[in-house]
Structure formats: structure tokens, C-alpha cells
1. Counting only pairs 8 or more residues apart or on different chains, how many lysine pairs in the chain have their Cα atoms under 20 Å apart?
2. Per residue, what volume in Å³ does the Cα convex hull of region 11-115 take up?
3. Could you give the length gained on full extension between Thr74 and Glu273, defined as 0.36 nm per residue of separation minus the Cα-Cα distance, in nm?
4. Output ³J(HN,Hα) for region 263-268: one whole-Hz value per residue in order, computed from phi by the Karplus curve 6.51 cos²θ - 1.76 cosθ + 1.60 with θ = phi - 60°, and x for Gly and Pro.
5. Once you have a ≥ b ≥ c as the square roots of the Cα gyration tensor eigenvalues for region 210-301, tell me rounded if a/c is under 1.5, and otherwise prolate or oblate according to whether a/b is larger than b/c.
6. Which value at 222 nm does the chain reach when only helices count, each DSSP H run of 4 or more adding -39,500 (n - 2.57), with the total divided by all residues and rounded to the nearest 500 deg cm²/dmol?
7. Lys176 label point, 7 Å along Cα→Cβ, cut-off 16 Å on backbone N: hits in region 96-113?
8. Label-point separation (nm) for Glu5 and Glu280, each offset 7 Å from Cα along Cα-to-Cβ?
Amino acid sequence: MVGIETSDDAGIYQLTDEIALVQTVDFFTPIVDDPFTFGQIAAANALSDVYAMGGTPLTAMNLVAFPIHTLPSTILNEILRGGLSKMQEAQVALVGGHSIEDKEIKYGLAVTGIVNPRQYLTNAGAKVGDQLVLTKPLGTGIIATALKAEMASMEAVHKMVEGMITLNRKASELMKVYEAHACTDITGFGLIGHALEMAKASQIQMVIQSQNVPIFPEALEYAKNGLIPGGAYSNRKYFSCHVEVGPRVPEVLVDLFYDPQTSGGLLISLPSEKAQRLVEALRKEGVFQSFIIGEVVEGPPGRIQIL
């Protein structure tokens with residue numbers, strides 16, 4: 001039902017009239033020093049792809065690369081324990097996995113979930129007149145860069161970690177209640193890259209109100225000091241030809257919109273009359289950094305205006 005054609009977050013394969021499989025896989029190298037926290041982040045990130053499709057994750061398998069001869073196995077144990085803690089929170093069963101020896105640590109999950117074949121979401125359903133809701137702040141890539149440079153404050157790192165280990169489960173459940181048309185999660189291509197995937201797949205244009213986009217305040221400061229990850233420059237190189245930036249938008253905000261995220265929030269396109277109600281419901285459930293950041297408009301498909 002969903003393959004690689006629209007660069008969606010997960011594949012969907014129909015089994016019966018009532019059940020379809022949702023399948024995804026994701027793993028990466030550590031972005032924080034604490035192995036337990038790294039495990040939590042990697043698991044939350046992988047589970048997010050199922051949530052973005054409106055699905056319910058059920059099972060997961062660990063994917064591990066680890067230098068077993070040069071690092072103590074206690075580090076690996078903590079990574080796996082962190083991942084398991086997020087699986088348990090999501091009520092996902094760990095059913096196995098695979099490990100290899102590697103010079104560099106890598107960890108993630110292959111996740112299988114289910115969704116009703118008549119109720120799944122993709123990035124291809126956004127409609128003119130929709131409003132766009134983002135459920136987590138931007139800036140994790142920039143804060144992680146500052147952390148590597150030993151220039152990040154403990155408060156900034158704490159905020160970044162809390163955001164990345166937070167499951168998108170509640171946002172996924174509520175967006176279906178408010179009849180979302182389309183969804184994607186914000187990860188390595190940044191807000192602009194993933195919004196463009198939605199705009200292209202849906203054959204629509206988007207307008208993003210830059211002042212409404214939630215951002216970690218510390219990330220803004222670090223970006224002003226030039227602590228921009230390489231991935232942000234790559235994203236700008238590949239996507240900027242589809243983006244029109246208004247003259248009053250600060251350049252530092254544009255940097256943040258291209259910033260690659262890890263375990264970022266959901267970008268949800270839904271009817272304008274329901275968007276504010278969704279935001280209010282999300283905040284009541286603890287998803288406090290949810291904001292309406294833009295709208296879907298008529299215009300050349302697959303383009304974004306930042307105002």
C-alpha cells in the first residue's frame with residue numbers, strides 16, 4: 001500500500017481488510033555520551049516512523065554494531081537497556097535482533113506495527129487549506145554539535161535529550177482523533193527537507209511562518225556562533241532550490257530549519273478548523289511544544305515559502 005515512491009517514513013503492506021503491517025528500520029552512531037540515553041534516543045527515533053504513519057508499533061528487533069574487543073560489554077548492556085526501556089514504554093515486544101563487530105558503535109531497531117488499511121497516514125495527503133502543526137522544537141543537531149565542541153550547557157543538553165527520548169505516541173494518537181490528512185516525522189533532512197517531501201508527495205505548496213516554529217533557545221544562540229552541523233549545509237544545498245525565503249526572515253532561523261534532527265517531532269497537516277483544537281489537546285497531554293507553524297496553499301507543487 002505504501003512503498004518507496006513518496007519517500008515515506010515506513011512501508012505498509014495489507015494483510016486483511018482490517019489489518020496492514022507497518023515496517024521500518026533505523027540505526028545510527030551515538031550523539032550523546034551516556035550509553036543508556038543513547039539507547040533510549042535510538043529506540044524512540046525508530047518507533048517514530050510507525051507513529052508518523054498513524055500505526056501502532058508491536059514488535060522490534062535490535063540492530064547493533066559494537067567494538068567488543070576495545071570497549072567493555074557493560075556499555076553495550078546499557079545501550080540495550082536504554083532501548084528496551086523505550087520499547088516497554090511503547091508496549092512493544094523485543095523479539096530478537098542482530099549484532100556485528102564494528103569499529104564504531106551503532107544501534108537502532110527494525111520495527112513492525114499495524115494500522116487499519118483505511119486509516120493510515122502518509123506524507124501524500126496534505127490538502128489546500130490545511131494548517132501545519134509541529135510537535136517538538138528544532139535544534140537537536142546544533143546542540144549536539146555544541147556538545148561535541150564542549151560548548152553546550154547542561155541545561156541545553158537536558159532539553160535536547162528530553163525532546164529526543166519523548167515518544168511521538170501521544171501525538172500520533174491525537175492526530176487521528178482530529179482527522180489529520182498527512183504526517184511525517186522530522187529527522188535527518190530537517191524541517192525543510194521533510195516538509196518538502198510532503199509538499200512534493202501531496203502536490204501542494206506550503207507557507208511556513210518562521211516566528212511560529214518552536215526552537216530550543218540555546219540552539220539559536222549556538223547557531224549564531226557558527227555551531228552548525230555539516231548535515232545542515234548538505235540539506236540546504238539539496239533543498240534550497242525549492243524554497244523561497246522572505247526578506248525579513250533572519251538567516252540564523254533558516255539555518256535551524258535545515259538542521260538535521262534526531263527523534264524529532266511530527267509535522268501534521270490537518271483541516272484548519274481542527275488545528276488549534278489538536279494543539280490544545282496535545283498540550284493537555286504534556287506535548288507542550290506543539291505549535292501551528294504554517295499552512296497548505298495553492299501554488300507550484302513541491303515548494304515552500306518561509307515568511
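Any read-out appearing in this document is the output of simple, stated calculations on the displayed coordinates, not a laboratory observation. Just so we're clear, the structure is a prediction, and the values are computed from it rather than from any experiment. Note: ideal-geometry Cβ built from the backbone for every residue, glycine included; neighbour counts use all protein chains shown.
1. Summing the qualifying lysine pairs gives 26.
2. Residue-normalised Cα hull volume stands at 89 Å³.
3. Roughly 66.5 nm would be gained on extension.
4. Per residue, the Karplus-derived 3J(HN,Hα) values read 6, x, x, 8, 9, 10 Hz.
5. Oblate, since a/c reaches 1.5 and b/c is not below a/b.
6. -11500 deg cm²/dmol
7. Answer for region 96-113: 112-113.
8. 3.9
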